[in-house]
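Each reported figure results from applying straightforward, stated rules to the coordinates on display, with no laboratory input. Just so you know, these numbers come straight off a predicted model, no measurement behind them. Cβ placement follows ideal geometry from the backbone for every residue including glycine, while neighbour counts extend to all protein chains displayed.
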Amino acid sequence: MSHTAHIPSHRKPRRSASKLALRAGVAGGVLGTIAVAGAAGPANAEPVTETIEMPTLGSLDAGAGLASAVAASAEASQQEALDQSLQTQENLALQKAAKDARTAKAEADRKAEAERAEKARAKAEQERKDAAARASRDSVRTQLTSTGDDSSDSTGGSSTNEQTQAPSGSAAAIVAFARAQVGDAYVTGGTGPNSWDCSGLVQAAYRQAGIDLPRISYQQSSMGTSVSLSNLQPGDILYWGSRSGSYHVAIYVGGGKYVGAQNSSTGVVERSLDWDMPSGAVRIL
């Protein structure tokens, strides 16, 4: 047995090759830096008593901060581009909305103008019809005047149409009812008992005689037999306009007078034929 067999070993554990290489590199770098510094100095310079610091962790932090700044700048650029894109889309939407609004306004103006033109046309047509109706009434008035002159008796009396005629039978009931409503109000669509329109009054008056007439004026004037205005009898229906297209009706009550629901200003009145000469008459009884 060797005489050194029981002497414990004082060797330190062997370090790994990678750690040794790392330490050797660091040491070499430090020594090399010192050597360069010594060589650069003058020959009689004092020995180097300071060491040069190696890069610290702070330098690494600065690099990381720079990377973060670059990333933040890139993100800001992307956000700016997105904002600009959104602004562009918003501007386009506003332009489209304004264009649509202008188009809608132009269409509304066109429709309004068309409606005004149609109203003007309808008004002109109504005025033409009214003028024609007035001309027709004037013509009938002229004929009645001539007939009255021809039919005057030798004593200078007026025509039979101007004389007081006493209705009888069903005609008496119709005339009595019509005259009883004089003074009532005129209301469009009115059928009594205290307000009437023209055809509503005529319909109610004829109901007193057990006769059911249609509700509308032109339907009433289309019934019965057409009679001359120079040969009227109490109870006859007078109409204004054409027989199949009359716009107003009333009841002849005798003595050259009629009762009718004229308008909202006058209500139900009794007037002479000359006050508003009718266009024609029909006889139902």
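For this structure, a couple of remarks:
- Single match in Ala209, Ala185, Ala205 (criterion: buried (at least 20 other Cβ atoms within 10 Å of the Cβ) and of a type in the set (A, V, I, L, M)): Ala205
- All of Ile251, Ile216 fail the test of being out of contact with any Cys (no Cβ under 9 Å at 6 or more places or on another chain), touching a residue at least 40 places away in the same chain (Cβ under 8 Å) and either under 16 Å from Pro278 (Cα atoms) or surrounded by fewer than 22 Cβ atoms within 10 Å (Cβ to Cβ) (or both), apart from Ile251.
- Checking each residue in the range 201-222 for being of a type outside the set (S, T, N, Q) and either part of a helix (DSSP H, G or I) or closer than 14 Å to Asp236 by Cα (or both) picks out Leu201, Val202, Ala204, Ala205, Tyr206, Arg207, Ala209, Ile211, Leu213, Tyr218.
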